[in-house]
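The values are calculated or read from the model by the stated rules, or taken from the named source; none is laboratory data. This one's a predicted model, so the numbers in the text were calculated from it and none came from an experiment. Cβ placement follows ideal geometry from the backbone for every residue including glycine, while neighbour counts extend to all protein chains displayed.
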Amino acid sequence: MKITDVETTNILIPNKFELGISSMLHLGKGACILQVHTDEEIVGLGEASQAPGGSPAKQLIDDVAKPILVGEDPFHASFLETKLQSALMGNDGVLGAITTALWDIMGKAVGRPVCDLIGGRCRSKVEFFGYMHPGYIGKEGIEHDLEIPYGADVSRVSHGEGGRFPPDEVAKFAKWLIRKYGFRVLELKTGLQTPKADIEIVRVLRDEIGPDMPIKIDTNQSWTPEIAIRTLNAMKKYDLKNVEDPTKPLSAIMKVRSATGIPMSTHSGFYYGLSSIVASGIDNVVPNMMFSGGAMQTKKIVAVAEQYGLGCWLHTSGDLGITATMMIHFLASTPYIVEPSQTGHDIRNLDDIVEHVYGSYKGPLPIKDGCAVVPEGPGLGVELNEKKLEKYHELWVDEAKKAGRKYFFDWHAGGAYPDYHEPKWFPTPWAWITRMDEETTTRTYE
C-alpha cells in the first residue's frame, strides 16, 4: 500500500454560544481536516488545530508533510513520524493529525479498530468530565443556547447579547450537563472574570450540585501566585478536587500548591518540557494528544507519569469528531489513565464534519453516564460528511475575509478573538490585573 495524495480543507464550526478562557474568546472551532489517500482506495482522516509553531496547519501539511508522505507505506508509521518530526520543526499538532490519519488507514486495512493497534483494548468505554466554558448568554438565556439542536443553522447561534454567565446560570449549565450527559465530574474555567466573581461562582455551583460531585477548575495561568493563593484559599471550603495551571511558571504553581494544599495539574507546563514537570513535583499532568504529536508520543508521556506516580488525563481544545474519537481509542488502550478526561464535543460545538458509526446509528458522538463507547468499526469508526465539510469550509472562508488578522489569531485557525465586550482589554494572561480604564474594565482584584 502506498500513499498517493494528502488533501487538506480548512473549516470553522461555530460554538453554540461564545465561550472563553482567561486570555480570549472562542466563537468556533477552526481546524484543518486532512484526508490521506492510498492506492488501495483507503482514506485516513486527521484533524489539526492551529500549529503551535505559528504556521497555519494547512500550509505545513501541503508544503512540508505531503512531499514526505506521498509514495510511502502508511504502515511505516514510526519511520514517517521520525521524518515528519524533523521536517515540521516542533509543530506537533500537525504531526498528531497526520499520525491519526495513518492509524485510521491501518485500522481500515486490517479491519480492526485503532485501539486494537495502539496497545489493545483494556476497556469498552471511556469516561469524560463535563467541561464548562462560561462565556456569554444570548437574549433568551442559557437554556436556549445549550438546547440548540446539533447541526442547526448557524443563524440560530447567539453572540453574547445577554452578557456573561452569572453564577446562577453557571449552575444551570452544570445541571444541564449532568442531566443530558450524566457526567460525574465537572471542570470549570476560571480567570475570565475577577477572582471575587470566580469565588462566588464556585460557591453557588457547590450549593446547587451538592457535596458529592467533584469540582475541578482551570485558570489557564491567569492569576499571579499571590492572587492564586488568596483566591484558592477562599475556595477551599467548597472542596476542589484539582486546579489546573492557576499561575506560571511551574515553580510558582508549586508555591500555590504548598500554600493551599489543593492538588494541582498542568497542561501548559508541557512547554517547559516533561522533565521539568516531573522535577516540579506536581500532582497531575494533562497532555493534549494532538499537541504532543499523536498517540505514540502521548503513550510515552503516560509511561513517565506512571513511573513517577503522577495522575494523568487527556486535554481537549474543543476538538471535533476525528480527534475526539482518536482520544477514545487512546484511552481505551491506556490502562493507567483512570481519571475522566476532558471533552467539549457536542457541548460547545454546533456541528461536526463526521458521523460517528455504532451499528445502524450515525450521528453525534453519544455520551451516556459520562462515558463514550469505543467504536467497533475498522479504523477510527467515523465517516466523513462531504456536504458538511464543504459547508464549514465556506464559513471559514467567509469569516476569514470579514475578520482578517485583526480579530483572529494564527490566521483564523483557532477561531479565537480578543474579548471585544471589554474594548480595552487585550488577550494577554494577567492583563486584567492592572486597571487600564475605570470605565471599560473591572478586571481587578476585588
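For every residue, the table says whether it meets (1) at pLDDT 95 or above; (2) in contact with a Ser or Thr (Cβ under 7 Å, 6 or more places away or on another chain); (3) under 25 Å from Ile217 (Cβ atoms).
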| site | (1), (2), (3) |
| --- | --- |
| His329 | yes, no, no |
| Ala372 | yes, no, yes |
| Leu389 | yes, yes, no |
| Glu394 | no, no, no |
| Arg405 | no, no, no |
| Phe409 | no, no, yes |
| His412 | no, no, no |
| Tyr417 | no, no, yes |
| Pro423 | no, yes, no |
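So is Met289 closer than 14 Å to Val126 by Cβ and either at pLDDT below 95 or not hydroxyl-bearing (Ser, Thr, Tyr) (or both) or not?
On the way: closer than 14 Å to Val126 by Cβ: yes; either at pLDDT below 95 or not hydroxyl-bearing (Ser, Thr, Tyr) (or both): yes.
Against the criterion (closer than 14 Å to Val126 by Cβ and either at pLDDT below 95 or not hydroxyl-bearing (Ser, Thr, Tyr) (or both)), Met289 qualifies.
If you check Arg435, Arg443, which single one turns out to be of a type in the set (Lys, Arg), part of a loop (DSSP other than H, G, I, E, B) and either at pLDDT 70 or above or in contact with a Phe, Trp or Tyr (Cβ under 6 Å, 6 or more places away or on another chain) (or both)? First the steps, then the outcome.
Values: Arg435 fails: either at pLDDT 70 or above or in contact with a Phe, Trp or Tyr (Cβ under 6 Å, 6 or more places away or on another chain) (or both).
When all the criteria are applied, what remains is Arg443.
Within the stretch 81-94, track down each residue that is of a type in the set (A, V, I, L, M), free of Cβ contacts under 8 Å to residues at least 40 places away in the same chain and closer than 22 Å to Pro287 by Cα. Break it down stepwise before answering.
Step one: of the stretch 81-94, the residues of a type in the set (A, V, I, L, M) are 84, 87-89, 94.
Filter once more, keeping what is free of Cβ contacts under 8 Å to residues at least 40 places away in the same chain: 84, 87-89.
Within the stretch 81-94, Leu84, Leu88, Met89 qualify.
Being hydrophobic (A, V, I, L, M, F, W, C) and either at pLDDT 95 or above or at positive phi (or both) narrows it down to one of Leu146, Leu192, Leu177, Leu205, so name that one.
Values: Leu146 fails: either at pLDDT 95 or above or at positive phi (or both); Leu192 fails: either at pLDDT 95 or above or at positive phi (or both); Leu177 fails: either at pLDDT 95 or above or at positive phi (or both).
Only one candidate qualifies: Leu205.
Filter the stretch 255-277 for residues that are free of Cβ contacts under 8 Å to residues at least 40 places away in the same chain and crowded, with 19+ Cβ neighbours inside 10 Å and give the result.
Val256, Arg257, Thr260, Ile262, Met264, Thr266, Gly269, Phe270, Ile277
Could you run through the stretch 172-198 and say how many residues are buried (at least 19 other Cβ atoms within 10 Å of the Cβ) and part of a helix (DSSP H, G or I)?
6
How about the stretch 173-210: which of its residues are more than 20 Å from the chain's Cα centre (by Cα) and of a type in the set (Val, Ile, Thr)?
Those that are more than 20 Å from the chain's Cα centre (by Cα) and of a type in the set (Val, Ile, Thr): Thr194, Ile199, Ile201, Val202, Val204, Ile209.
Give the residue, chosen from Leu384, Leu380, Leu389, that is surrounded by fewer than 19 Cβ atoms within 10 Å (Cβ to Cβ) and under 15 Å from Thr100 (Cβ atoms).
Answer to the check: Leu384.
To keep it simple, each residue is scored yes or no on (1) among the aromatic types (Phe, Trp, Tyr); (2) outside any helix (DSSP H, G or I); (3) farther than 25 Å from Ala65 by Cβ.
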| residue | (1), (2), (3) |
| --- | --- |
| Pro287 | no, yes, no |
| Gly293 | no, yes, no |
| Glu306 | no, no, yes |
| Ser317 | no, yes, no |
| Thr323 | no, no, no |
| Met327 | no, no, no |
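Given the residues Ser341, Ser360, Ser292, which is the only one that is buried (at least 21 other Cβ atoms within 10 Å of the Cβ) and over 17 Å from Gly46 (Cβ atoms)? Give the derivation first.
On the way: Ser360 fails: buried (at least 21 other Cβ atoms within 10 Å of the Cβ); Ser292 fails: over 17 Å from Gly46 (Cβ atoms).
Within the list Ser341, Ser360, Ser292, the selection yields Ser341.
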